[in-house]
Structures are given as structure tokens and as C-alpha cells.
1. Out of 104, 111, which single residue is at pLDDT 95 or above, in a helix (DSSP H, G or I) and surrounded by fewer than 18 Cβ atoms within 10 Å (Cβ to Cβ)?
2. For region 202-237, which residues satisfy the criterion of being under 20 Å from the mean Cα position of the chain (by Cα) and closer than 29 Å to residue 93 by Cβ?
3. Of the residues 68, 60, which is without any contact (Cβ under 8 Å) to a residue 12 or more places away in the chain, within 21 Å of the chain's Cα centre (by Cα), part of a helix (DSSP H, G or I) and more than 24 Å from residue 381 (Cα to Cα)?
4. For residues that are crowded, with 20+ Cβ neighbours inside 10 Å and over 25 Å from the mean Cα position of the chain (by Cα), scanning just region 137-159, find the one that is farthest from residue 366 (Cα to Cα).
5. Can you name the condition, by its number, that residue 91 falls short on among (1) assigned to a loop (DSSP other than H, G, I, E, B); (2) crowded, with 22+ Cβ neighbours inside 10 Å; (3) not assigned by TED's automatic domain parsing to the domain that holds residue 54?
6. So if I check each of 387, 409, 354, which one is modelled with pLDDT under 95 and crowded, with 19+ Cβ neighbours inside 10 Å?
7. Is it the case that residue 26 is exposed (fewer than 15 other Cβ atoms within 10 Å of the Cβ) and not in a helix (DSSP H, G or I)?
8. State all residues of region 361-392 that are farther than 17 Å from residue 344 by Cβ, in a loop (DSSP other than H, G, I, E, B) and under 22 Å from the mean Cα position of the chain (by Cα); if no residue qualifies, say none.
């Protein structure tokens with residue numbers, strides 16, 4: 001597969017295709033078979049900047065973009081590939097891109113962390129419950145009235161557009177989604193495709209209904225997961241249920257296994273939400289050490305007790321100030337790992353000094369709540385999250401939890417790329433929720449997450 005940030009898509013996306021990544025191989029699977037790209041709108045330029053959907057959603061990266069692929073495209077084209085469009089590939093549209101060295105600076109967030117600029121116009125009062133009283137923006141985009149806030153400050157009305165920097169979400173495994181975009185702002189895959197064309201591809205007119213239908217059909221027919229690992233061999237061996245083929249058969253319905261009572265069937269929550277590698281627990285001495293580590297990690301993910309406190313979106317619900325749970329309390333969709341109902345949370349990743357995470361290069365917003373139950377409180381965040389859409393103080397810093405399958409193909413992690421690898425992800429949770437994991441347990445959890 002060519003580097004699709006710099007080269008055209010191949011003639012065909014195979015029904016089953018594998019890609020190497022550190023310590024293993026990931027795979028993409030289309031149950032309906034091969035896709036010809038020449039007649040598929042996902043691979044067609046729909047706007048004025050020659051981008052296609054695959055510019056930021058690449059098969060080799062689990063249908064998103066990684067710093068490694070962005071860097072390869074930059075080196076191949078001198079920073080002129082479609083990915084490097086100032087509208088959102090640069091830290092701000094007015095960034096100087098006149099020379100190679102200046103392009104390195106302008107596009108540094110996508111090159112270093114795989115982040116693109118997301119710009120959202122704030123709701124008007126009275127919907128907007130808060131004021132942005134201060135902004136520390138290393139790029140000046142939020143304080144530039146042409147692209148950012150037209151008014152803000154301790155005594156000023158907050159108006160205008162906010163720019164934040166986020167990872168593109170994968171365009172695969174979409175049948176399991178209950179919320180679209182990190183902040184849940186899109187009501188449907190159809191609206192997402194239209195807005196992506198108008199905003200990211202800078203289209204002058206929306207894509208046609210037929211083009212939108214093509215894009216959505218392609219996306220919803222894609223499944224991606226880890227296929228094999230170093231030491232484990234195929235992740236379907238000895239009764240294991242890894243890989244994208246099994247994932248495509250995974251039953252799902254909105255609310256399934258929801259721990260907060262959202263399951264319409266009334267079935268109780270089962271904390272053993274991940275059962276991909278339970279068969280490996282029964283192998284005993286015949287299991288390889290790598291297989292045993294994955295199985296131990298899965299059990300830790302399901303069963304390690306976590307006291308969940310201080311998480312807006314969960315602990316601010318009546319009677320839930322303290323929740324005794326495990327990883328699957330929030331990652332409850334069986335064998336998928338997202339939440340089966342919309343549940344945006346603020347787990348602390350947006351804190352400017354989040355422990356163990358790299359938040360350098362991100363703007364910092366000081367937000368004062370002026371109305372609602374949080375009136376008078378002040379927050380500092382690198383991303384206001386869902387609050388940019390809802391205008392509500394209760395949503396400050398909240399983002400959705402993504403599908404966890406095929407994690408190994410798409411570092412860095414979290415919405416802001418603040419964790420460079422899965423080891424840093426585990427370290428963050430271990431510290432944030434005082435899990436008291438041993439080094440061996442951390443290693444097992446990483447092995448499991450890589451196997452997804």
C-alpha cells in the first residue's frame with residue numbers, strides 16, 4: 001500500500017489486507033469484498049484542496065493518520081502533500097508555509113502528534129454558560145480575531161471560534177459507535193461526511209447524496225483489529241477470537257452491557273466485557289508466555305478493581321460520587337471497548353499538566369462558569385471538549401471514549417495525542433485512578449491492549 005498522504009490510492013482496497021506495526025500485524029476486513037477506489041467517493045477529491053477522505057484516514061494506520069506517515073509524506077513532498085493544507089493541517093491558517101523550514105513549524109502538530117486543527121464557533125448567549133477569561137496559545141490562532149475569538153477576557157463577552165487540536169478518529173468499526181466525533185457534535189455519519197467535505201476538503205458545494213451514501217456504505221463495511229502478534233502468533237489460534245473477521249461478527253446493540261442501566265433488555269452489566277482471549281487462560285503450560293500475558297492482561301482489564309472518582313460525566317450523576325468498578329465500567333461494549341451509550345467523560349487528559357502525558361504545544365484556556373450549577377468555578381483545560389458544542393459548563397473537558405480495537409496501528413493516544421505509546425496510557429490510568437499496578441501487571445495490560 002503506498003503512502004496515501006502523498007500518493008493516489010491504489011486501484012483496489014482488498015477485502016482482507018494486513019499491515020505490519022511494532023510487535024505484530026494489524027488487518028482490515030471488508031465482509032462484502034474488495035472496493036474499487038476509482039468509483040468510490042471516499043477516495044475522490046471532493047473539495048478545492050485535492051484532499052480525499054483517505055488523506056487523513058489511511059489503511060496502514062487503522063484508518064486514521066500517524067506521525068510516522070505524516071513525516072514520510074512531508075519528506076516525500078517537502079510538506080506540500082494534500083495533508084498539509086493550512087486550513088487545518090497547520091497550527092493556524094495564517095501560518096507561514098513559504099519555505100521548507102517554515103512548513104516544518106507550521107505543520108508541527110500533525111508531524112509530531114498526528115493532530116489536526118478543529119475549529120468550532122461557540123454558541124451564543126444564553127446557551128453559552130461560560131466565559132473564556134484567558135488563553136495561552138503558542139500559535140496565536142485563538143487570539144486572532146480573523147480565525148479565533150473576536151471577544152474574550154474577564155470583563156468581555158466571549159464570542160467567536162475556538163481552535164483545538166485533536167486526533168482524527170478511525171473510519172472503521174463504525175457499526176459499534178454511539179457517538180460521532182470526540183465531542184459528539186455530528187448527528188449522523190451522513191452529516192459527518194458532508195461537513196468533512198465542506199470544512200477539511202474546502203468544498204464549495206456539499207457532496208451529492210449519492211456520494212455521501214457511497215462514503216457511509218464503505219465506512220460501515222470496514223472492520224479493523226490486530227491479526228497476529230510477536231510471540232502469540234495468530235490471534236485466532238487455540239480458540240482466541242482476535243482479528244477483524246471475528247469482530248465483524250460481534251453482536252452489538254445500543255445500551256448492551258451498559259453498567260448504568262441503559263441496556264434496553266434489562267440484562268445486568270457483566271464486567272467481563274472482554275472475552276477475546278479467555279480460551280488462552282485454559283491452555284496452561286502449552287500457552288506461550290506472550291499468549292499467557294495477553295490473557296492475564298484481559299483479566300486485569302475486566303476485573304482489576306478501580307475506585308472511580310472525580311470524573312465529570314460519571315461521578316457527577318446522582319448517587320455516583322464514588323464508583324467501584326474496573327476498566328470495563330467505561331469500556332463496556334463487549335469485545336469492542338467503547339461505551340455502548342453516549343457517555344462523554346473528563347478523565348483528566350485535558351489538564352495542562354496531566355501526569356505522565358505530553359501536553360506541550362497545546363493551547364490552555366482559562367474558563368469561568370457564569371451560569372448553571374457550576375457558576376463561579378474556574379477551569380484550565382487544553383481542550384474545552386463537548387462544552388464547545390453545548391455551551392454548558394458541565395461539559396467542559398468531556399470527550400467520548402473511542403473503540404479500542406486495532407490500537408497498535410494508531411499511536412499516539414487520547415484525543416490530543418498526549419500518550420506516545422500504550423505504556424504511557426497504562427501509566428496514566430495507574431496514576432490517575434491509583435490502581436497500584438506492578439510492573440508485570442502493566443506489561444500484561446499493554447500486551448492485551450496491543451492484541452486488540
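The values are calculated or read from the model by the stated rules, or taken from the named source; none is laboratory data. This structure is a prediction, so every number in the text was calculated from the model and none was measured. Here the Cβ positions follow ideal geometry from the backbone for every residue, glycine too, while neighbour counts run over all protein chains shown.
1. After applying the criteria, what remains is 104.
2. 215, 216, 219
3. Testing whether each residue is without any contact (Cβ under 8 Å) to a residue 12 or more places away in the chain, within 21 Å of the chain's Cα centre (by Cα), part of a helix (DSSP H, G or I) and more than 24 Å from residue 381 (Cα to Cα) leaves just 68.
4. My answer is 149.
5. Residue 91 satisfies every listed condition except (3).
6. Result: 354 is the single residue among 387, 409, 354 that is modelled with pLDDT under 95 and crowded, with 19+ Cβ neighbours inside 10 Å.
7. So residue 26 fails the test.
8. Of everything in region 361-392, those that are farther than 17 Å from residue 344 by Cβ, in a loop (DSSP other than H, G, I, E, B) and under 22 Å from the mean Cα position of the chain (by Cα) turn out to be 361, 362, 363.
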